[in-house]
Amino acid sequence: MKNVKILHFLISLFTAQADFAPYFYDNGPYSQNGNLALFSLSEDMPVGTQIYCLNGTDPEGQEVRYGLSFDPGSKEYFSVDPESGNITLVEKLDREKEDSFDVLVSITDGQSKVVERVTVFVMDANDEKPEFQNMPAIIDVLETTQSGSSIYKVEAVDRDTGSGGSVTYYLQNSQATPFAIDRHSGVLRIKSGEMLDYEKTKTHFVTVIAKDGGGNFNGKEQFLSSSATLTINVIDAQDTPPSFIGTPYFGYVYEISVPGSEIFTVVAKDGDVGNPNPISYSFEEGDDGVFSINKTSGRITLLTLPIYLKREIFNIKVRASEVSPEGRLMDYGVTTVVIRVVDLNNNPPTFYGEYGPQNMFELTMYEHPPEGEILRGLKITVNDSDQGANAKFNLRLIGPGRMLRVVPQTVLNEAQVTILVEDSAAMDYEKHHFLTYKLLAVEIDTPERFSSTADIVIHLLDTNDNAPKFSSDYYIARIPENSPGGSNVVSVTASDPDSGPWGEVRYSIYGSGAELFLIQPASGIIYTQPWAILDAEVKSKYNFYVKAEDAEGKYSLAEVFVTVLDLNDHPPAFNDNFLEKTMVIGAPVKIEAVDDDAEVPNNVIEYAIMKAEPDNNIFDINAETGEIMLKSYIKSIAIIQNITKQRDFTWSLVVQARDRGQPSFSTTAVVKIDITETQLNGGRLGSFLLQSRNKPMQILGMLAGVISLMVIITVLISTATFMRNKKSNRILPNRRIRRRPRKQHTWNFKNPFKSPETPGEKFKNVNYNNNVGKVMTQWPPPPPPCVPAVLPPPPPYIPRERQWAVPTISATVAPNPKKKPAITRQDTVNKALVSELKMRLEQKKMLKH
């Protein structure tokens with residue numbers, strides 16, 4: 001049993017001896033892990049940065065944990081993660097306050113713990129500005145200090161190390177100051193060639209800038225600087241002579257001055273105002289013994305009466321000297337005092353006429369004198385009895401407008417006053433019967449500014465300088481037509497502002513439109529001639545000129561426009577009281593009445609159907625145009641037969657034409673209308689033949705006229721051809737002409753009552769009743785009939801009655817050419833037609849016999 005216990009003891013002892021303590025790795029001073037020995041970091045390291053990692057091990061391989069601590073009372077800059085050993089910065093570092101500190105780092109495996117003391121070094125960053133040790137400061141410097149002398153040494157310290165702790169010195173606005181500083185030592189000197197002057201500048205303010213050499217901060221290069229002000233007071237020295245205050249100096253001796261009168265007082269001060277000396281005054285020259293000066297006060301006085309002064313102006317030189325404490329005269333200054341002997345200003349300017357002083361001048365003259373003319377009726381003199389500047393004054397003319405001006409404008413002692421005309425047009429009797437001006441004389445250079453005035457009254461006489469002027473450039477009048485002779489038309493008015501007979505106006509009229517009118521010469525009333533008859537339908541507008549003239553023939557013109565107002569004095573009138581019209585179903589017929597009145601509504605006509613026979617009224621009429629048409633439901637003759645129960649399609653309408661005047665007039669006409677369904681071809685000629693079917697003599701007359709016109713044209717053409725050949729002496733040879741037999745052409749004459757065979761030969765009549773003159777034809781027109789080379793022989797005579805057809809010609813009217821056309825094939829056709837017509841007429845005569 002005892003042996004067993006010994007065995008257990010030995011085993012436990014062996015086991016205890018085998019448990020080794022953990023330890024840190026020592027990786028050197030530049031490693032980022034280990035035991036933190038000799039570790040350093042910059043003072044600008046941001047708080048919260050991981051700066052190091054503790055690293056160690058346990059010989060038995062046990063898990064280790066880390067820790068760190070600081071001495072009591074010390075600031076704890078770091079914290080550590082026990083497991084990873086990462087060390088984090090938790091407090092801001094400042095090398096200038098603490099450049100190193102100790103840290104206790106530990107490692108444990110749970111059984112054993114190892115603690116080590118290590119030192120951490122804080123490295124410098126350029127985070128401190130230079131600090132002045134003796135600034136700001138105030139120093140005193142004597143103004144006589146020599147240039148280049150040292151007057152002060154500036155000291156500044158930067159607590160950073162290296163280049164960030166070096167300091168250099170500069171002056172702000174170094175060009176504008178008389179001082180310079182050594183950039184390394186900080187010694188302040190007066191610049192070479194510069195001197196201090198108390199009289200110019202008593203105090204200088206010098207700003208000194210201290211700047212470090214720069215260094216790294218937060219990873220960037222940084223330069224820091226500070227500034228401070230040095231106040232330099234300049235101490236005055238006795239180096240400046242006295243100076244006079246308020247120069248230049250002027251004094252005056254007046255005619256009433258007496259001996260002992262104060263003329264002027266001079267004032268001087270020592271230029272060394274910091275420590276001034278008393279001043280003593282004296283004359284150097286120019287006083288002529290007639291003036292004296294007080295040595296202490298500088299007061300100059302008169303020693304004699306002004307009448308004994310031999311000069312008007314005295315230039316006296318006065319000396320001001322410094323007096324030393326011992327009573328010795330030192331530095332001095334000199335100035336000049338100008339003393340003028342002057343007359344007292346006790347006389348104002350005065351105006352004189354021919355018989356002495358006068359303040360009222362009058363003149364009578366005609367209006368509108370020439371510009372620049374002198375008003376010679378005004379004899380004015382002005383005088384000031386004073387002397388020199390006291391006798392100098394200005395003349396001004398005050399009054400309406402700028403009609404007159406005065407010469408001269410500046411006077412010394414005395415002058416003759418001249419008044420000139422400046423604006424002739426403004427001197428108008430019609431505007432001003434008289435003009436009132438004030439002539440003003442005012443002294444220029446005197447304190448009293450004495451003045452005097454004189455009244456100038458100019459009475460204007462009238463001249464005939466105005467032409468009569470109408471109240472208007474034109475007059476517009478209206479008079480009803482049929483007004484009796486002597487009726488007033490309009491009254492014109494003209495005025496002449498001139499006076500007397502020049503202002504009396506006489507009126508007259510003239511012009512192409514004045515023959516029906518007269519004017520009263522005195523009153524300007526225009527009236528019609530006693531025999532004048534005004535008719536708006538003949539002439540409704542008259543214009544002429546009216547003349548207004550004064551006694552000397554000056555005149556002006558105005559234009560008169562007279563409108564004759566239309567009265568409803570004409571009833572409407574048809575061309576015929578009985579009208580015959582042919583109406584084709586679907587087309588209107590038009591009737592027209594004319595009203596000779598000149599204006600609307602007197603000449604505006606309205607149409608109405610008053611009565612229809614038979615009684616069944618199947619017509620409508622357009623009240624404005626006079627177009628008569630069938631009622632809209634009547635489309636054929638059959639409808640008319642069903643309505644009227646008649647075979648006759650002829651109606652008689654009583655149509656009324658009424659104007660719109662007041663009072664209104666009306667006229668009636670009977671319109672006979674034949675209704676047909678057939679469209680009549682042949683244009684105007686067809687319509688004419690249809691309307692004249694019961695008048696054969698009218699048709700024969702028309703045909704005879706056409707034939708006569710063609711014969712005349714043929715004779716003219718033949719005569720012209722003969723004359724042309726005769727004039728050219730043309731000799732035509734006689735020769736036999738053999739003609740080739742040609743096929744005889746038949747003559748086909750178109751019947752106006754027969755429809756054309758081809759569509760191209762039709763004439764389209766827009767208005768089937770020929771009530772509208774515009775007829776449209778198919779274009780191009782049908783070709784003319786072909787003319788045979790040889791006229792056909794006359795037909796054999798058959799002694800029996802037969803129907804004789806009237807030949808017609810279809811053609812279109814072409815515009816007249818500018819030049820006479822040559823003979824064409826159409827002329828030949830016309831000749832053939834004329835020959836054929838002659839032959840038919842001969843045959844008709846033979847049949848009658």
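List of remarks:
- Cβ crowding within 10 Å averaged over residues, with 424-433, 667-676 ranked highest first: 667-676, 424-433
- Built amide H within the under 5 Å cut-off of Leu224, gap 5+: Asp212, Gly214
- Applying 1/(1 + (r/R0)^6) with R0 = 25 Å to the Cβ-Cβ distance of Val341 and Arg396 gives a FRET efficiency near 0.20.
- Between Met710 and Glu362, the simple label model (points 7 Å from Cα in the Cβ direction) yields a spacing of 10.9 nm.
- Sequentially through the stretch 315-330, phi angles give Karplus couplings (6.51, -1.76, 1.60; θ = phi - 60°) of 10, 9, 8, 10, 9, 10, 10, 6, 10, 6, x, 7, x, 8, 6, 10 Hz, Gly and Pro residues having no value and appearing as x.
- Simple spin-label estimate for Ala237 and Ile138 gives 2.3 nm between the two label positions (7 Å along the Cα-to-Cβ direction from each Cα).
- For the stretch 350-461: relative contact order, % (alpha-carbon pairs under 8 angstrom, 6 or more apart): 34 percent
- For Glu284, nonlocal amide neighbours, meaning residues 5 or more places apart or on other chains whose placed amide H falls under 5 Å from its own, are Lys317, Val318, Arg319.
- Electrostatic tally near Ile235: other residues with Cβ closer than 10 Å to its Cβ, Lys and Arg +1, Asp and Glu -1, net -2.
- Cross-link table Lys75/Lys129; Lys97/Lys220; Lys202/Lys317; Lys581/Lys631; Lys431/Lys547, entries beyond 20 Å C-alpha to C-alpha: Lys75/Lys129; Lys97/Lys220; Lys202/Lys317; Lys431/Lys547
- Ordering Ala514, Thr563, Ala536 by the projection of their Cα atoms onto the charge dipole of the stretch 469-565, which places +1 on the Cβ of Lys and Arg and -1 on the Cβ of Asp and Glu, puts Ala536 at the extreme positive end.
- Simple Cβ-charge dipole of the stretch 459-550, Lys/Arg +1 and Asp/Glu -1, about Cα centre, in debye nearest 20: 340 debye
- Whether the stretch 131-235 is rounded, prolate or oblate, judged on the alpha carbon gyration tensor where a/c under 1.5 counts as rounded: prolate
- Residue separation of Leu303 and Thr119 scaled by 0.36 nm, minus their Cα-Cα distance, works out to 56.0 nm of gained length.
- Spacing of the modelled spin labels on Ile618 and Ser324, each 7 Å from Cα toward Cβ, amounts to 15.9 nm.
- When peptides 617-629, 696-708 are ranked by their average number of other Cβ atoms within 10 Å per residue, the highest-first order is 617-629, 696-708.
- Calculated from backbone phi, Karplus (6.51, -1.76, 1.60) coupling profile of the stretch 445-458 in Hz, x at Gly/Pro: 9, 10, x, 6, 6, 4, 8, 8, 10, 9, 8, 10, 10, 10
- Nonlocal amide H pairs with Asn134, under 5 Å, H built at 1.01 Å: Glu155
- Radius 13 Å from Cβ of Leu38, net charge of other residues (Lys, Arg +1; Asp, Glu -1): -2
- Cα-based reach from Lys269 at 16 Å (exclusive), listing aspartates and glutamates while leaving out same-chain residues under 8 positions away: Glu199, Asp236, Asp239, Glu322, Asp331
- Net charge dipole size for the stretch 350-461 [Lys, Arg +1 and Asp, Glu -1 on Cβ; Debye, nearest 20]: 80 debye
- Antiparallel beta bridges, as assigned by DSSP with both residues in the stretch 131-235, represent about 80 percent of the total such bridges.
- Calculated FRET value between Thr49 and Gln111, using beta carbons and R₀ = 51 Å, to 0.05: 0.90
Every number in this text was worked out from the coordinates using simple rules, so none of it is lab data. What you see is a predicted model; the values in this text were computed from it and never measured. With ideal geometry, Cβ positions are generated from the backbone for all residues, glycine too; neighbour counts draw on all protein chains shown.
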